[in-house]
């Protein structure tokens, strides 16, 4: 019982109790929409290269805008920014639903609305990630809040794709967009009900936004523990996080299956991720996180290689489970290490750089992996990516073992 209370100790704070369900609902809805879009795009194009190119275009705002949004977060009230972001998410899903039910949905509109969605996401990531310090009164519970956030995101990865795959199979993709809109509307009121005191550094508020961005970059570059962790995240994300784009191709071409199987595969990664995040939340020791990072990379590497060598549904489901475990074992500890070490007045900018390394790489990664898959085939692509993940994990795990992440870097 005490262990269970320890896992969920972040819920003793009112703001976190309001924030958590709003995030869960938002992420579930977005995963439902993403599965529908991925399946539609590949169903229309039948080309890994075209799919990667379209994903590159629609997700480009994540790469371009993330550094700017970090400076905005450090200058302006985060509660107001959260309300604006949630409103824009609802607007995007409303437009997607209208277009889908009108019969006008095509590749051009998918890309345009995708650019809109990822522009919002570029603001959302640093706002949410840097807000955890405001949601818990005791800094000792920050790691737990971040871990529960990961479990929330991973719960959505489990539920959203499974629901999306079933809806596509039985009703059609347009109903995924409708459901996404319907579940997102209540989240606005949850965010608005939060009471956050967001005190800003007066010097930071007076800074020119470009000077503020430059200061954030210099702070990151000059501090080896932070820049090493961020480069590690960049390479990991570049090699790994395009798998949701690759799986529709793998499902159709290798497994010779439909959208429901795609939903189960993505759902299996969600189950693995949720399991891993709850394990991390139950006992978070900053000193042991670097070891968890390495284990996570090994799990991911093994899952990719195993997927590339197999075409059996059940074996691949198991591989996807360990892919979910491994990705969470990497991403959550990396986030906690950086947030523990970063100075509070630079948190927004550094977390936006983290978001750039994590989400921003998706546009580049999608184009790269789509091109590789077109040339060597989807199975060989998984094997190639798995080998590369293993190599970078060995190099960076050794490098990070030299640093102390338990102390604030001024």
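Of the residues making up the stretch 327-355, those that are under 23 Å from residue 155 (Cα atoms) and at pLDDT below 85 are 328, 331, 332, 333, 334, 335, 336, 337, 339, 351, 354, 355.
The residue of the stretch 70-88 that is farthest from residue 26 (Cα to Cα), among those that are modelled with pLDDT of 85 or more and in contact with a helix residue (DSSP H, G or I) (Cβ under 6 Å, 6 or more places away or on another chain), is 81.
Within the set 55, 26, 45, the sole residue that is in contact (Cβ under 8 Å) with a residue 40 or more places away in the chain and more than 19 Å from the chain's Cα centre (by Cα) turns out to be 45. Please work out if residue 5 is farther than 17 Å from residue 114 by Cα, out of contact with any helix residue (DSSP H, G or I) (no Cβ under 6 Å at 6 or more places or on another chain), assigned to a helix (DSSP H, G or I) and at pLDDT 85 or above. Spelling it out, it is not the case that residue 5 is farther than 17 Å from residue 114 by Cα, out of contact with any helix residue (DSSP H, G or I) (no Cβ under 6 Å at 6 or more places or on another chain), assigned to a helix (DSSP H, G or I) and at pLDDT 85 or above. Pairing each residue of the stretch 157-176 that is without any contact (Cβ under 8 Å) to a residue 60 or more places away in the chain with any residue that is part of a helix (DSSP H, G or I) and buried (at least 23 other Cβ atoms within 10 Å of the Cβ), provided the two are 6+ apart or on different chains, yields C-beta distances under 7 Å for 175/167. With respect to residue 94, determine if the residue is buried (at least 19 other Cβ atoms within 10 Å of the Cβ), at pLDDT 75 or above and under 22 Å from residue 122 (Cα atoms). Here the answer is no, as residue 94 does not meet what is asked.
The values are calculated or read from the model by the stated rules, or taken from the named source; none is laboratory data. Quick caveat: nothing in here was measured; it's all calculated off a predicted structure. When we count neighbours, we look across all protein chains shown, and the Cβ atoms used for this are built from the backbone with ideal geometry, even at glycine.
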